[in-house]
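Q: Below is one structure. I have some questions about it.
The values are calculated or read from the model by the stated rules, or taken from the named source; none is laboratory data. It should be emphasised that the depicted structure is a prediction, and the values quoted were computed from it without experimental measurement. Neighbour counts run over all protein chains shown; Cβ positions are idealised from the backbone, glycine included.
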Ligand code: PLP
């Protein structure tokens, strides 16, 4: 091993001295040292085992250190570590075949990227060149990545510091009944009114100026809001009517997270472009991509596609994807995610909502759940402001860790997003820990 044998304290000290962290005030953070991971668990620098209810950044769908994926990376490293993207290589060819097989409908061409944000950037570029139109519509409650265009597409407050106002993006409201901007009282009303609103935005912006509508099939970091009945089919229909490309961003919701290969599968909608990353190989090696419809692929049949990456379809990353998709099929991991959602997490989180006054709503499916925390159930005042945090949320995170679980939190929400491989017993263990931890949030209820 060429890596020096560092103690957890040395790891921490070097991190604080030399590492520049994402989305953080550098002198205000105390990163947790992780020394080991396996399956649904991680171990911190003090040797404590934590149940990973975050899947890190909602990417380790296949769990930590899956032996088949680790072996595939090792094997590929011995065979062919890297090769320029203009050459064909076995790992990329086979990964593209498998991705085309699991993605919906006729999406059967794949452009590989290094992660989610660049997949989104390329999908938008393809849509603009395909339609010859400049603008893109995207939802307010959304996250599409940290690069310039992707963060401008993003609806949530992470956009604000980098919002150039010139990215050709127009935002609209998607459906979210619990905090309806449409004054709806039923899912049906929310769906119809959100569609009417989107159509109005299209009409007012001028349909002939709009290249694409991009949406997370189920917004992830922005709150895990499964779309109400009819919404996605309605968006598809609007896009068809106005000649607009529909981009489904499945970077977080894809590859089993919702108990289906892709979230769009739940509603039988086929987008023109589908972006993916995270779960495609669980992030064992960085990888993302765009699955492309035949019509859009045809635009670039005789005209060069003006874009590329040195590592498009990197052999280590695509070998990991081949092993991941194969293991997910063989071990019925997508089916497991669906069953855990229906039988354990759904009913278990509903019980927690009954018991804890800080829980305003629980929503989700598969292993993709949000617990919306409020100061007051009547007024629905969030337990932390939009775009911010609060003592209540800090206390909740500390209580989760003290009770042996690693949570994913965003503003006033706790997301329960374990690996798709989690067992029923592990999920019950997580629910029991959350039952205790939520008392820390209840203490802040008015
Ligand atoms: N799109 C969605 C829906 C995401 O959730 C994310 C990341 O969380 C991204 C895009 C960006 O992906 P990456 O961080 O790999 O660039």
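Q: Can you list residue pairs whose Cβ atoms sit under 6 Å apart, with the first residue in region 381-399 being at positive phi and the second being outside any loop (DSSP other than H, G, I, E, B)? Count only pairs 6 or more apart in sequence or on different chains.
A: Between residues of region 381-399 that are at positive phi and residues that are outside any loop (DSSP other than H, G, I, E, B), the close pairs are 387/157.
Q: Among the residues of region 410-422, is there at least one that is free of Cβ contacts under 8 Å to residues at least 60 places away in the same chain, in contact with a strand residue (DSSP E or B) (Cβ under 8 Å, 6 or more places away or on another chain), in a strand (DSSP E or B) and within 26 Å of residue 45 (Cα to Cα)?
A: Checked against the condition, which is being free of Cβ contacts under 8 Å to residues at least 60 places away in the same chain, in contact with a strand residue (DSSP E or B) (Cβ under 8 Å, 6 or more places away or on another chain), in a strand (DSSP E or B) and within 26 Å of residue 45 (Cα to Cα), region 410-422 yields at least one hit.
Q: Out of the residues in region 208-245 that are within 15 Å of the ligand (Cβ to nearest atom) and in a strand (DSSP E or B), state the one that is farthest from residue 414 (Cα to Cα).
A: 212
Q: Would you mind stating whether residue 285 is within 16 Å of the ligand (Cβ to nearest atom), in a strand (DSSP E or B) and modelled with pLDDT of 95 or more?
A: Answer is no for this residue.
Q: Find all pairs meeting these conditions: Cβ atoms under 7 angstrom apart; at least six residues apart or on different chains; first residue within region 206-224 and outside the structural domain of residue 413 (by TED's automatic domain parsing) and closer than 30 Å to residue 371 by Cα; second residue part of a strand (DSSP E or B) and near the ligand (Cβ under 9 Å from one of its atoms).
A: 214/249; 215/249; 216/249
Q: Here is a further query. Hey, can you tell me all the residues within region 136-148 that are buried (at least 21 other Cβ atoms within 10 Å of the Cβ) and either away from the ligand (no atom under 14 Å from the Cβ) or not in a loop (DSSP other than H, G, I, E, B) (or both)?
A: Result: 136, 137, 138, 139.
Q: So for region 122-133 (the condition being within 16 Å of the ligand (Cβ to nearest atom), at negative phi, assigned to a loop (DSSP other than H, G, I, E, B) and buried (at least 24 other Cβ atoms within 10 Å of the Cβ)), does at least one residue qualify?
A: Checked against the condition, which is being within 16 Å of the ligand (Cβ to nearest atom), at negative phi, assigned to a loop (DSSP other than H, G, I, E, B) and buried (at least 24 other Cβ atoms within 10 Å of the Cβ), region 122-133 yields no hits at all.
Q: Do you know which residues across region 182-195 are more than 12 Å from residue 235 (Cβ to Cβ) and not in a loop (DSSP other than H, G, I, E, B)?
A: Result: 187, 188, 189, 190, 192, 193.
Q: If you scan region 161-185, which residues turn out to be within 20 Å of the chain's Cα centre (by Cα) and either within 16 Å of the ligand (Cβ to nearest atom) or in contact (Cβ under 8 Å) with a residue 40 or more places away in the chain (or both)?
A: Correct list: 171, 174, 175, 176.
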